[in-house]
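The values are calculated or read from the model by the stated rules, or taken from the named source; none is laboratory data. Fair warning: this is a prediction, and the values are worked out from it, not measured in the lab. Glycine gets a Cβ as well: all are built from the backbone with ideal geometry, and neighbour counts include every protein chain shown.
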Amino acid sequence: MNKPITPASLYAGLVGAVLVIAGIVGFFYSSSFGSPGSVDDVIGVLDVNAWHNIVHLLTGGLGLLAFAAGARASRTYALAFGAVYIVVAIWGFIIGSGESILGFIPINTEDNVLHIVLGVLGIGAGLASPEREVEPAARTATP
């Protein structure tokens, strides 16, 4: 039986995949575990270090797991991920560009904008998806 594709499952799958790729690519820029250690800009824009890359790998992996688990898990992921990333973006705007969340995850204004966009899209995708998985209609044979 095919699982229904909802806005939340699409979000979980796409954002999850992009974050896993971003986490892998980020290690080519900085693999420093410091506070914040050596920070580099991915494609000259987004500040990363190894901790930031690990966060991308973990949150992306959770998105892919939610996508594989189905619409309900994807909805939970989209809503939770959206809320967390909105909080992270607000926190980042408060502490300022070039600083570090928790003292070891570097952020800049571009990170904050990306986090707010991902957060709002996650909340939107979660709210646009049904709370319960809808069973596909049974096929009826026509004579």
Q) Being surrounded by 15 or more Cβ atoms within 10 Å (Cβ to Cβ), among the charged types (D, E, K, R) and modelled with pLDDT of 95 or more, is that true of even one residue in the range 74-87? A) yes
Q: Would you check if Asp47 is of a type outside the set (A, V, I, L, M, F, W, C), within 16 Å of Gly23 (Cα to Cα), part of a helix (DSSP H, G or I) and out of contact with any His (no Cβ under 8 Å at 6 or more places or on another chain)?
A: no
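Which of the following residues is closer than 30 Å to Leu127 by Cβ, not in a helix (DSSP H, G or I) and not polar (S, T, N, Q): Ile90, Ile5, Ile21? I'd like the intermediate steps shown before the answer.
Values: Ile90 fails: not in a helix (DSSP H, G or I); Ile21 fails: not in a helix (DSSP H, G or I).
Result: Ile5 is the single residue among Ile90, Ile5, Ile21 that is closer than 30 Å to Leu127 by Cβ, not in a helix (DSSP H, G or I) and not polar (S, T, N, Q).
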(Q) in contact with a strand residue (DSSP E or B) (Cβ under 9 Å, 6 or more places away or on another chain) and either modelled with pLDDT under 90 or hydrophobic (A, V, I, L, M, F, W, C) (or both): is that true of Leu114 in this structure? (A) yes
Q.
Just to be sure I understand, how many residues within the range 88-127 are farther than 22 Å from Leu62 by Cα, surrounded by fewer than 18 Cβ atoms within 10 Å (Cβ to Cβ) and small (Gly, Ala, Ser)?
A. 4
Q.
When you check Phe33 against the structure, is it of a type in the set (A, V, I, L, M, F, W, C), touching a helix residue (DSSP H, G or I) at 6+ places or on another chain (Cβ under 9 Å) and buried (at least 18 other Cβ atoms within 10 Å of the Cβ), yes or no?
A. no
Q) Which of (1) within 17 Å of His115 (Cβ to Cβ); (2) out of contact with any helix residue (DSSP H, G or I) (no Cβ under 7 Å at 6 or more places or on another chain) is the odd one out, the single condition Ile5 does not satisfy? A) (1)
